[in-house]
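Trainee: One structure follows; several queries about it will come next.
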Amino acid sequence: MALQFSEKKREEVASIIKRYPDGKQKSALLPVLHLAQEEFGGWLDVPVMDYVAEILNITPIEVYEVATFYSMYNMKPVGKYLFEVCQTGPCMLNGSDDIIEYIKTKLGIKIGETTSDGMFTLKAVECLGACGYAPMMQLGKTYREHLNPEKVDGIIEQCRTISATNN
Amino acid sequence: MGKKLLLANDQVEGIRFFEAYRKNGGYASVEKAFKMTQADIVDEVKKSGLRGRGGAGFPTGLKWSFLAKPEGVPRYLVCNADESEPGTFKDRYLMEYIPHLLIEGLIVSSFALGSNRTYIYIRGEYAWIVDILEHAITEAEQNGFLGDNILGTGFNCRIYVQRGGGAYICGEETALLESLEGKRGNPRIKPPFPAVKGLWDCPTVVNNVETLAAIVPIINMGGDEYAKIGVGKSTGTKLISACGNINKPGIYEIDMTISVEEFLYSDEYCGGIANGKRLKACIPGGSSVPILPANLLLTTAKGEPRMMNYESLADGGFASGSMMGSGGFIVLDEDQCIVRHTMSLARFYHHESCGQCSPCREGTGWMKRILHNIEYGKGKMSDIDLLWDVQRKIEGNTICPLGDAAAWPVAAAIRHFRDEFEWHVSNPEEAQQRNYGLAGYAEPRAVLV
Ligand SMILES: Cc1cc2nc3c(=O)[nH]c(=O)nc-3n(C[C@H](O)[C@H](O)[C@H](O)COP(=O)(O)O)c2cc1C
Ligand code: SF4
Ligand code: FES
């Protein structure tokens with residue numbers, strides 16, 4: 001129990017609900033799930049989804065069926081840094097296969113796995129709307145484009161440094 | 001240099017913000033439109049000949065005129081910013097660099113359609129663009145262009161940005177509405193169309209980002225003037241997102257009178273094939289439209305130069321033509337493998353199928369597995385016919401057009417590149433080592449410019 005959004009997030013939820021006509025608060029589900037994922041460890045555990053159901057006054061099943069449908073909601077724990085590398089055709093034309101291989105070797109994990117220190121998870125995802133700047137990946141709220149091995153090394157270093165300073 | 005209507009000011013310093021945008025003529029269309037009647041605005045849009053820029057090319061003015069107007073029922077305008085069709089990244093550019101153009105177009109369109117709450121449904125991955133749009137909305141509110149009683153007209157309008165959760169299918173307009181209602185993105189059976197029964201069962205217009213941005217120049221210059229740009233039913237300008245093996249990938253605004261050859265080879269646009277390679281094939285309108293081999297891309301089957309417009313790209317039907325689609329121009333050089341590329345697209349559609357209709361759910365998975373086998377040296381000759389058969393059984397047998405969108409790329413790849421598929425099957429080991437190359441395909445014509 002005792003799962004609760006921070007004060008700031010509660011205000012955000014309230015303002016999201018106000019975007020819709022009265023009684024249509026279910027529309028807030030996708031945005032609120034994003035907030036919940038940010039707040040509660042990067043993935044959506046069942047108690048988290050139940051909590052979202054409660055604050056939106058809908059049934060838990062309505063939350064589960066949505067959370068499992070969309071690719072951005074993680075249904076199991078992920079590393080602190082999630083590398084989502086695009087593998088679709090246009091990126092493939094510019095070497096996404098090689099970049100994915102490079103990251104796999106560099107981090108010693110397969111697609112879908114997390115490094116043993118819990119730092120990095122690698123996912124291969126579909127077109128992210130950056131096809132002209134390929135190969136690319138999504139990292140948190142940003143895109144990293146025109147990737148090459150040196151850039152990937154830099155990103156990994158950067159993540160490690162940020163993580164070390166924050167601890 | 002072609003005429004620029006949407007990207008005329010994209011290089012102006014600070015154009016992302018209200019002050020610079022307004023100084024460069026921004027929001028003039030709102031002032032003009034608010035002196036017109038709603039019917040007159042719809043008329044101007046009809047006269048402009050504007051066709052939806054989301055992929056289907058449906059005339060926007062006509063769509064607007066279908067909007068039902070029952071008494072006492074709210075009407076909604078929803079902007080489709082889901083942009084997930086592989087090869088397409090133009091809406092992102094507009095929203096990221098000139099967000100006020102979209103906001104301005106939305107205010108005029110909301111006024112014309114009577115929408116007091118207007119939603120921008122944006123793909124969830126464009127998270128930072130949500131912040132950019134919300135900032136632009138706030139600026140517009142502070143300057144009296146949004147909110148209550150806009151410019152003293154009594155018209156109230158608010159624009160909200162809704163972030164999706166990652167699903168290509170939510171670009172389909174009825175799936176988008178389901179998603180906006182907080183549900184899975186399962187497309188609805190049409191009719192009823194959104195114009196009658198859309199968001200929360202109310203009459204709704206769904207339009208693409210670029211379509212709504214184009215409303216601004218249409219109101220500013222008038223529908224007739226806008227219609228003079230371009231050719232035939234391809235009026236105005238179109239954003240093309242170019243990617244793949246070219247020297248200058250990026251976003252280009254074209255007026256639809258230039259040839260594909262000029263677009264591909266001139267330095268003003270794609271700048272030719274990268275690394276001095278030769279052209280093998282191109283998907284000219286986003287991953288869902290048929291792929292064309294070099295010769296059919298540059299000239300139609302009748303031997304005429306192919307032009308960058310709706311009619312010319314479609315010339316020859318599916319036998320020898322393609323489509324303008326979303327304007328995602330994907331170029332493949334001589335080193336690319338058609339089987340592998342088609343496999344990648346099949347995987348995409350299988351991943352993105354919502355699963356409601358069995359031909360789409362099962363068929364996309366089947367196509368993916370067959371293509372995987374062929375690519376990895378485990379294919380049989382009969383697999384090629386099987387693949388053809390499966391795509392035929394999906395096409396036209398599903399609730400939404402994603403089924404067709406998954407079938408067409410496979411069909412076109414087999415139609416034009418069957419020899420490459422056969423080579424993969426007959427030479428499984430060699431196919432792991434090297435690519436088929438240009439082999440039997442017609443060479444592109446002599447390079448222009
Ligand atoms: C599978 C699928 C995906 C689509 N994705 C998009 C999209 O990302 N953006 C878009 O504007 N239209 C998309 N569309 C087209 C929309 O259904 C709709 O026709 C369009 O938003 C209408 O706007 P327009 O008339 O301004 O083009 C998609 C259609 C299908 C079938
Ligand atoms: S065609 Fe595919 S994506 Fe469209 S409704 Fe049917 S199963 Fe869903
Ligand atoms: S194919 Fe990778 S971003 Fe579009």
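Trainee: Go through region B:53-71 and give me each residue that's farther than 17 Å from B:K238 by Cα and among the hydrophobic types (A, V, I, L, M, F, W, C).
Mentor: Residues satisfying the conditions are B:L62, B:W64, B:F66, B:L67, B:A68.
Trainee: Right, another one. Determine which single condition B:K69 fails, assuming it passes every other condition in (1) in contact (Cβ under 8 Å) with a residue 24 or more places away in the chain; (2) within 25 Å of the chain's Cα centre (by Cα); (3) assigned to a loop (DSSP other than H, G, I, E, B); (4) away from ligand 1 (no atom under 16 Å from the Cβ).
Mentor: Result: B:K69 passes all but (2).
Trainee: Specify the residue that is farthest from the other protein chains (Cβ to nearest Cβ); the eligible residues are those in region B:333-367 that are aromatic (F, W, Y) and more than 23 Å from B:I189 (Cβ to Cβ).
Mentor: Out of the qualifying residues, it is B:W366.
Trainee: Now for a different question. Could you please let me know if B:D385 is assigned to a helix (DSSP H, G or I), among the acidic types (D, E) and more than 16 Å from ligand 1 (Cβ to nearest atom)?
Mentor: Against the criterion (assigned to a helix (DSSP H, G or I), among the acidic types (D, E) and more than 16 Å from ligand 1 (Cβ to nearest atom)), B:D385 qualifies.
Trainee: For region B:131-161, which positions are in contact with a strand residue (DSSP E or B) (Cβ under 6 Å, 6 or more places away or on another chain) and within 11 Å of B:F18 (Cα to Cα)?
Mentor: B:I137, B:E141, listed by residue number.
Trainee: Would you check which residues across region B:327-363 are farther than 17 Å from B:G379 by Cα and among the hydroxyl-bearing types (S, T, Y) and list them?
Mentor: Answer for region B:327-363, where residues must be farther than 17 Å from B:G379 by Cα and among the hydroxyl-bearing types (S, T, Y): B:Y349, B:S353, B:S358.
Trainee: Inside region B:48-82, can you point out the residues that are under 27 Å from B:K228 (Cα atoms), at pLDDT below 95 and either surrounded by fewer than 24 Cβ atoms within 10 Å (Cβ to Cβ) or of a type in the set (A, V, I, L, M) (or both)?
Mentor: B:A56, B:G57, listed by residue number.
Trainee: Scan region A:103-123 residue by residue and report those that are within 16 Å of ligand 3 (Cβ to nearest atom) and surrounded by fewer than 20 Cβ atoms within 10 Å (Cβ to Cβ).
Mentor: A:I111, A:K123
Trainee: Spot the failing condition for B:M95; the list is (1) assigned to a loop (DSSP other than H, G, I, E, B); (2) open to solvent by less than 20 Å² (accessible area, probe 1.4 Å), and only one is missed.
Mentor: That leaves (1) as the condition not met.
Trainee: Exactly one condition in (1) within 14 Å of another protein chain (Cβ to nearest Cβ); (2) in a loop (DSSP other than H, G, I, E, B) is false for A:D97; which is it?
Mentor: That leaves (2) as the condition not met.
Trainee: Specify the residue that is farthest from the chain's Cα centre (by Cα); the eligible residues are those in region B:197-228 that are assigned to a loop (DSSP other than H, G, I, E, B) and buried (at least 24 other Cβ atoms within 10 Å of the Cβ).
Mentor: Going through the qualifying residues, I end up with B:P203.
Trainee: Please enumerate the residues belonging to region B:317-329 that are outside any loop (DSSP other than H, G, I, E, B) and buried (at least 24 other Cβ atoms within 10 Å of the Cβ).
Mentor: Correct list: B:G328, B:F329.
Trainee: Let me ask another. Looking only at residues that are more than 12 Å from chain B (Cβ to nearest Cβ), part of a loop (DSSP other than H, G, I, E, B) and among the hydrophobic types (A, V, I, L, M, F, W, C) in region A:27-74, which one is nearest to B:H351 (Cα to Cα)?
Mentor: The residue in question is A:W43.
Trainee: So, one more: Among the aliphatic types (A, V, I, L, M) and not in a helix (DSSP H, G or I): which single residue out of B:L332, B:L313 fits that description?
Mentor: Among B:L332, B:L313, only B:L332 is among the aliphatic types (A, V, I, L, M) and not in a helix (DSSP H, G or I).
This table checks each residue for (1) on the phi > 0 side of the Ramachandran plot; (2) in contact with a Phe, Trp or Tyr (Cβ under 9 Å, 6 or more places away or on another chain); (3) modelled with pLDDT of 95 or more.
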position	(1), (2), (3)
B:R184	no, yes, yes
B:R188	no, no, yes
B:P192	no, no, yes
B:D224	no, no, yes
B:A227	no, no, yes
B:G230	yes, no, no
B:G236	yes, yes, yes
B:S241	no, yes, yes
B:G250	yes, yes, yes
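Trainee: In addition: Restricting to region B:1-36, name every residue that is of a type in the set (F, W, Y) and either under 24 Å from the mean Cα position of the chain (by Cα) or in a loop (DSSP other than H, G, I, E, B) (or both).
Mentor: Within region B:1-36, B:F17, B:Y27, B:F34 meet the criteria.
Trainee: I'd like to verify a number: residues in region B:110-162 that are open to solvent by 10 Å² or more (accessible area, probe 1.4 Å), aromatic (F, W, Y) and within 19 Å of B:N208 (Cα to Cα), how many?
Mentor: The qualifying residues number 2.
The values are calculated or read from the model by the stated rules, or taken from the named source; none is laboratory data. Remember, predicted model here, so these are calculated numbers, not experimental data. Note that each Cβ is placed from the backbone with ideal geometry, even for glycine, and that neighbours are counted across all protein chains shown. Quick note on the areas: whole protein, heavy atoms, side chains included, nothing else; ligands and nucleic acids left out. Shrake-Rupley method; radii C 1.70, N 1.55, O 1.52, S 1.80 Å.
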